1. What does the charge count near CYS129 come to, summing +1 for each Lys or Arg and -1 for each Asp or Glu among other residues with Cβ under 12 Å from its Cβ?
2. Please report how far the C-alpha centroid of region 64-104 lies from that of region 23-51, rounded to the nearest whole angstrom.
3. Separation between the SER128 and ALA64 pseudo-spin-labels, each 7 Å from Cα along Cα→Cβ, expressed in nm?
4. Where does the charge balance sit around GLY34 when Lys and Arg score +1, Asp and Glu -1, over other residues with C-beta under 14 Å from its C-beta?
5. Quick check: residue separation of ALA51 and ARG92 times 0.36 nm, minus the Cα distance between them. What number comes out in nm?
6. Just name one of ALA99, GLY30, GLN63: the one whose Cα is farthest towards the positive end of the charge dipole of region 15-100 (beta-carbon charges, Lys/Arg +1, Asp/Glu -1).
7. Describe numerically, in nm with one decimal, the distance between label points set 7 Å from Cα along Cα→Cβ at ALA78 and at SER26.
Amino acid sequence: MAGMTRAAKTAPQTDVETTWSEGELSEVRGRLAGEIEELNAEVARAESQIASGDISDSAGDDQADAGAKTYEREREIALTLNARDLVAQNERAIARIDAGTYGVCESCHKPIGKERLQAFPRATLCVSCKQREERR
């Protein structure tokens, strides 16, 4: 009995846990594409807001007002850069789906696991490789 328990604990992932059906991949691709559209709209809005905050708006401001405006502008720029990075990650995930390499760790080339990808569809590393990367 004990031998069976040990074997069950060390058994490799089953095909169900790692294999993606066409429907599942299509669903993930659609989710990623939808996020790209939302993020691009957010980037466009933020860039418009950043551009509208020209130097002419700050004429007559005291130091506190100028500082607050600078802070808001830097915050909008940071959010825009973050959104652009997420767009790039989503596009990369879609490219992996199209290439047939979605769900494969880019470091160890083992399956990433469906649960991880369902929670974070942009993941490029399995949990073990990501933990190893974060320790560095």
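1. Spelling it out: positives minus negatives among the neighbours equals +3.
2. 10 Å
3. Taking the simple label geometry, SER128 and ALA64 are separated by 5.8 nm.
4. -3
5. Length gained between ALA51 and ARG92: 11.9 nm.
6. The residue sitting most towards the positive pole is ALA99.
7. Distance between label points: 4.2 nm.
We did not get these values from a lab; they are worked out from the coordinates using the rules stated. Just so you know, these numbers come straight off a predicted model, no measurement behind them. For neighbour counting, all protein chains shown are included, and Cβ atoms are generated from backbone atoms with ideal geometry for every residue, glycine included.
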